[in-house]
Structure formats: C-alpha cells, structure tokens
Amino acid sequence: MKKTAIILGASGLTGGLLLEKLIADDRYDTIKLFSRSRIDGLPNKVHQYIGNLLELYQFKNDFTADEVYCCIGTTAKKTPDKAMYKNIDYGIPVAAAKLAKENGIPTYLVVSAMGANKKSSVFYNRTKGEMEQDVVNQGIPNTSILRPSLIGGEREEQRILEKIGLLVFKAIQPLFIGPLKKYKIINAESIAQAMLNLANTTSNTDVIITSNDIEQLAKRNLK
C-alpha cells in the first residue's frame, strides 16, 4: 500500500527539498502540508492545510499519516523575541509529536541542531535540547532526531552575513577530519534525503543522528 506523509516546514529550505522528493516518490500517494500560507503549483497528491501552527491541535482530525517530517525552525534574526522563538522551535515540533502519538502515527522525524542540550546555558541549544527530550518522551516507535551542522543550500531570502560565513567555513573544510567530521557543512539536500531514507528503513536504531551520519544515510540507495 502507498503511504501518506505529513510535512511541517515545507516552505523552508530543507522542507522544500523534502517535498520535491516525496512528490517524485511513487511510494507516497498523499502528502499533507501544514503551514501558514499556501504553496502554489503543487500536484493533486499534495493536500494543504492552512492555519496557525502555534495552534496545531486545530488540525487534529486531519493530522493522520504514516510519517511526520518536522522541518520547522526559525532564527534569532527572524524571531528576536525569545518567547516566540521557543513557541516555534520547541512548541511546534513537540505539539506535532503529541498529535502523532495521539493519532497513532508510527514514524516521526525532526530536524534539530548540533549542540542541542537541555542543560546548556545557551538559549538556542537549550531550546533544541528541551524539544528533543519532549519529542522522545512521546514514545513514538520510529523516532529520528537529526542534528545537522551548518546547513548549506540556496535560500530564497538573502542572508549576506550567513553567505560570507559559509564561504569562510567552506574554505577550511579540508581541516575537518576524524572526530571533526561532524562539524562539516551539510547540504539541505542531504538532510532531506536522509530523512526520506530513515523513514523507509528499519535498520537504523539510533534516535539521535549526527551531521556526519546524516551524510552517510543520505547516500543509501533504498529503492
């Protein structure tokens, strides 16, 4: 039987690439997007549910699928208010995990970040760590938390300082060997492919997937 997938964050870089892959994948006949605004030009297999994701429970009856892919995330620049930042980066993934558990969805994948630690003194890292812990606490059978390093890829919005940082970081990539491999830049394309591969294999037993392992998972040919 063909499958149904849910994506949260399909308008972002990683979520958008994942959406493209799921549309092209004949294992899926239904893709559900939950977002604040509609994406034009999508095929009939994509169903869009538009509303406030901070009130995700309003979608309870439609939040049914075989898999949930959570690619939600903001930045301190876009969301300087810490309370709102936490509502997005912690609140939405955890609410989605709770709905997945309640509706019997067996597979949940979420993009976190390297450095996530619920005990960290750094607000960003602590928020991600708390999110991870409360996602795991839902007890969804197939839970995968991806912790990418700096994410590379072409974004619609222009982030000049980020682009400069990426150029500098790329220049020193050859120095990242051995234990430092996990700090290498990882393309959003690899993250999206790794998520898709994780959802379609039973061989992976790790809940936390570090950046260098994400790269390896993306290279698996499962089809």
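Details
- Here is the size of the range 1-151 from its Cα atoms: Rg then Dmax, 14.8, 47 Å.
- Once all protein chains are placed together, residue 213 keeps about 70 Å² accessible to a 1.4 angstrom probe.
- Under 5 Å between amide hydrogens, built in the peptide plane, is the criterion, and for residue 187 it picks out 152 among residues at least 5 positions away or on other chains.
- Within the accessible area of the range 1-146 (1.4 Å probe), percent carbon and sulfur: 48
- Scalar couplings 3J(HN,Hα) for the range 123-138, obtained by applying the Karplus form with A = 6.51, B = -1.76, C = 1.60 to θ = phi - 60°, are 3, 4, 5, 5, 4, 5, x, 5, 4, 4, 4, 6, 5, 4, 4, 6 Hz; x denotes Gly and Pro.
- Within the same chain, aspartates and glutamates fewer than 8 places from residue 82 are excluded, and of the rest, those with a Cα less than 16 Å from its Cα are 130.
- Vicinal HN-Hα couplings computed from phi for the range 106-115 (Karplus, 6.51 cos²θ - 1.76 cosθ + 1.60; Hz; Gly/Pro x): x, 10, 9, 10, 9, 8, 10, 7, 4, x
- Eligible aspartates and glutamates near residue 45 by straight Cα distance, threshold 20 Å, same-chain separation 8 or greater: 20, 25, 26, 29, 62, 66, 67
- From phi via Karplus (6.51, -1.76, 1.60), per-residue ³J(HN,Hα) for the range 193-201 in Hz, x at Gly/Pro: 5, 5, 4, 5, 5, 4, 5, 10, 9
- Cross-link pairs beyond the 30 Å C-alpha cut-off, checked among 101/128; 86/219; 32/119; 32/86: 86/219; 32/119
- Radius 12 Å from Cβ of residue 106, net charge of other residues (Lys, Arg +1; Asp, Glu -1): 0
The values are calculated or read from the model by the stated rules, or taken from the named source; none is laboratory data. Everything quoted here is computed from the prediction, not taken from an experiment. Every residue, glycine among them, receives a Cβ derived from its backbone with ideal geometry; neighbour counts consider all protein chains shown. For the accessible areas, the whole protein counts, side chains as well, though only heavy atoms, and no ligand, DNA or RNA atoms are used. Shrake-Rupley method; radii C 1.70, N 1.55, O 1.52, S 1.80 Å.
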